[in-house]
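The values are calculated or read from the model by the stated rules, or taken from the named source; none is laboratory data. These numbers come from a predicted model, not from an experiment. Ideal geometry is used to build each Cβ from the backbone, glycine not excepted, and the neighbour counts take in all protein chains shown.
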Amino acid sequence: MVRHAPFQITPQAAAELSRQAALTSRPGVASLELQPGGCQGWALIIRAGVVVGDPMARTDGITLWAHQDTVNQLESMHLDHHHDLRGGGFILRGPKDVQFCTCGVSFSRPSKDADADPGQ
């Protein structure tokens with residue numbers, strides 16, 4: 001059985017998640033959700049201050065929560081954050097078998113999309 005790397009959060013993403021969560025009634029937590037759609041098939045939704053599912057990653061004072069099907073889809077990926085003169089945003093990055101849209105939050109993973117149930 002091949003063991004894949006867990007989902008990771010870059011220091012830049014952790015700092016922005018912490019900043020956003022601090023503005024809510026539940027600082028230090030955020031939830032990730034995948035919705036069918038977006039440019040490549042799956043769109044990542046980030047909700048600061050919300051706890052849904054189980055803890056999936058923890059770093060620099062922030063804990064990300066997600067349902068197991070989301071954790072499976074995000075396996076071997078990492079969440080980054082960029083900031084530039086136009087604003088900024090979260091970006092998913094990952095292995096070569098994952099196709100990412102230039103928007104950074106939509107992706108397809110052919111080997112995993114076939115097994116996923118978007119209705120969950």
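Mind checking which residues of the range 45-62 are under 11 Å from LEU17 (Cβ atoms), under 12 Å from the mean Cα position of the chain (by Cα) and of a type in the set (Val, Ile, Thr)?
Selection gives ILE46 alone.
Only one of these is at pLDDT 95 or above and not in a strand (DSSP E or B): LEU79, LEU32, LEU64, LEU17. Name it. Working first, answer last.
Numbers: LEU79 fails: not in a strand (DSSP E or B); LEU32 fails: not in a strand (DSSP E or B); LEU64 fails: not in a strand (DSSP E or B).
On inspection, the qualifying residue turns out to be LEU17.
Assuming PRO27 fulfils every condition listed in (1) in contact with a helix residue (DSSP H, G or I) (Cβ under 6 Å, 6 or more places away or on another chain); (2) touching a residue at least 24 places away in the same chain (Cβ under 8 Å) apart from one, which condition is it?
For PRO27, the failing item is (2).
Between residues in the range 36-52 that are free of Cβ contacts under 8 Å to residues at least 60 places away in the same chain and residues that are in a strand (DSSP E or B) and among the aromatic types (Phe, Trp, Tyr), which pairs lie under 7 Å by C-beta distance while being six or more apart or on different chains?
Pairs found: ILE46/PHE90; VAL51/TRP65; VAL52/TRP65.
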